[in-house]
């Protein structure tokens, strides 16, 4: 009886500790549940069947103006099935120091951002969020893994939820290279 209770408690503790971030399989970044910038839990499975661009963002970075291009890309392709998911991160020179509400207000007022933003997470280091561990791991994301080097690294998923491209920070969201990849992922 003691062993059964201990096993049940262990299983509950494991489930509670991993429920918001454990992928159900190694094939999709959309198997995670994340906290929105408004504090609500949201399963990324809601984006299945769409092309998805996952971006780690920051408000005080030399690349912060990419928000404007991301918003334009979103407006151009959303009706065709593109979603852009922004994940604020403070990993690089503390360039995202604000609270979620401050980040949301900044993005809305400065760049008119309407694409989904999520609660601030870590995208590198020992405290890396499991979503980004999945995206950067060579085993779970062969061909596109590798450590995040800076803000505005972009991962493009096709409609099946598979990563099909990775763009480093200086690649602009509205560049010809990204436009071709987005249009291909939407097909």
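Just so you know, all these numbers are worked out from the coordinates, no wet-lab data involved. Everything numeric in this text was worked out from a predicted model, so none of it was measured. Heads up, the Cβs are rebuilt from the backbone with ideal geometry, glycines too, and the neighbour counts pull from every protein chain shown.
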- Residues in segment 137-170, backbone N under 17 Å from the label point at residue 180 (7 Å along the Cα-to-beta-carbon vector): list them, ranges by number please. 156, 164-168
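Determine the relative contact order of segment 25-114: mean sequence separation of Cα pairs under 8 Å and six or more apart, normalised by residue count, in whole percent.
For segment 25-114, the relative contact order is 30 percent.
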- Inverse of <1/r> over all distinct C-alpha pairs of segment 96-187, i.e. the Kirkwood Rh in Å, gives 14.7
- What relative contact order, as a whole-number percentage, does the chain give when Cα pairs under 8 Å and 6 or more residues apart are counted? 25
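What do you get when you divide the Cα radius of gyration of segment 66-128 by 2.2 N^0.38 Å, with N the number of residues?
Scaled against compact globular proteins, the figure is 1.19.
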- Message: Based on the alpha carbons, how large is the Rg to Rh ratio for segment 29-143 when Rh follows Kirkwood?
- Response: 0.94
- the chain: angle of helix 66-77 to the longest principal axis, Cα-based, in degrees nearest 10: 90
- Label model pair residue 35, residue 147: point-to-point distance (7 angstrom along the Cα→beta-carbon line) in nm is 2.6
